[in-house]
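K.L.:
Handing you this structure, nothing more for now.
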Ligand code: UTP
């Protein structure tokens, strides 16, 4: 069942989840539209796909698709106003998301799980390998993970997942991979997968993060995958079947990854990225230093 390596140019970005951890912000806005500094999280993700050579982007949307479509579409009124003011810098920022990629949309209907969202991409993707990127994980462009995964898929075929090592007391929050060494540069063979293992039962400390390069065989498997954990059709359950046939490799990622999936991590990510910005970083860092010092002096602070 080995897949013939094919040049990959399609990225699928599921954005139909309910985003319950970010309510009420996500009541009428997809969580992928929440800004990280001044860009919606989804734009970082599309930029990452494009820089790995994937110019055909399919978003699997749900009931709140409007803001996403608008963000990647032209806004003539705004462009015209900025043009008339001669504000070329902001005009370039407004046009950047429109010109980035060839963006398509498909509706998921009921959010029946990540596996089901991926299955909704089947007719757009066809019989080719493709990438899946989740908006909860931002990967620093200085550490190009997706390009490496595409390379691995082109070389070996099959499917490729991205793994990070996490402490034993956090592995139950992730999909976990049972792995065997497979080669140099952090490449492993994935022999089994478990979605959010019960504490103490994880087969390893390797957690699956939100980047996948999948063989089209995944669609056939997803069609017969029953709802699993949380009553949802889990991508991990379908990948497990391919892993048990020796069809899944893992790239162990040691670069910079920013988790924007929960509120505290989202805030840390925003602070970190703001500190690194050339236009904002200097002022923001000096404010942050003063803020931290005053927090440490405050009687409410730990050890204060
Ligand atoms: P999450 O498990 O993080 O779910 O989905 P969620 O609903 O977005 O967020 P919380 O946990 O309720 O806060 C992982 C990714 O899969 C997409 C989500 O949009 C997110 O990018 N997803 C999930 C779908 O597109 N459809 C689904 O049915 C489920």
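Where a number appears in this text, it was derived from the coordinates with a stated rule and is not lab data. On a predicted model such as this, the values are computed, not experimentally measured, just so you know. Methodologically, a virtual Cβ is constructed for each residue, glycine included, from the backbone with ideal geometry; neighbour enumeration extends over all protein chains shown.
K.L.:
Where the centre of each part is set by its Cα atoms, how far does region 28-100 sit from region 260-289, in angstrom?
P.N.:
About 21 Å separates the Cα centre of region 28-100 from the one of region 260-289.
K.L.:
Run the numbers on region 1-77 and let me know its relative contact order in percent, using alpha-carbon pairs under 8 Å that are six or more apart.
P.N.:
RCO, region 1-77: 41 percent.
K.L.:
In percent, how large is the relative contact order of the chain, given Cα pairs closer than 8 Å and 6 or more residues apart?
P.N.:
Here the relative contact order equals 21 percent.
K.L.:
Please work out the FRET efficiency for the pair residue 180 and residue 271, using the Cβ-Cβ distance as r and a Förster radius of 41 Å; give the result to the nearest 0.05.
P.N.:
Values: r = 38 Å, r/R0 = 0.94.
Efficiency computed from Cβ-Cβ geometry: 0.60.
K.L.:
Let me ask something additional. In what sequence do 120, 245 fall when counting other Cβ within 10 Å, fewest first?
P.N.:
In increasing order of surrounding Cβ atoms, one gets 245, 120.
K.L.:
Output the relative contact order of region 1-142, whole-number percent, from Cα pairs under 8 angstrom with separation of 6+ residues.
P.N.:
39 percent.
K.L.:
Let me ask another. How large is the helix-only mean residue ellipticity at 222 nm for the chain, computed as the sum of -39500 (n - 2.57) over DSSP H runs with n ≥ 4, divided by its residue count, in deg cm²/dmol to the nearest 500?
P.N.:
So the calculated ellipticity at 222 nm is -10500 deg cm²/dmol.
K.L.:
R0 = 51 Å: FRET efficiency of residue 290 with residue 77, Cβ-based, nearest 0.05? Display every interim value, and only then the final one.
P.N.:
Numbers: r = 40 Å, r/R0 = 0.78.
Plugging the Cβ-Cβ distance into 1/(1 + (r/R0)^6) gives 0.80.
K.L.:
So for each of 68-79, 23-34 I average, over its residues, the number of other beta carbons within 10 Å; can you give me the resulting order with the highest mean first?
P.N.:
Descending mean neighbour count gives 23-34, 68-79.
K.L.:
Same structure, new question: Have a look at 230, 109, 210 and tell me which one the Gaussian network model of the chain (Cα, springs below 10 Å) gives the largest fluctuation.
P.N.:
230
K.L.:
I've got another one for you. Let's test the formula: R0 of 35 Å, r as the Cβ-Cβ distance of residue 223 and residue 51. What FRET efficiency results, to the nearest 0.05?
P.N.:
After rounding, the FRET efficiency stands at 0.65.
K.L.:
Further, regarding this structure: Sorted from fewest to most neighbouring beta carbons within 10 Å, what does the list 149, 81, 59 look like?
P.N.:
Working: 149 24, 81 14, 59 27.
With the sparsest Cβ surroundings first, the list reads 81, 149, 59.
K.L.:
How many percent of DSSP beta bridges within the chain run antiparallel, rounded to 5?
P.N.:
On the way: 28 of 46 bridges.
That works out to approximately 60 percent antiparallel.
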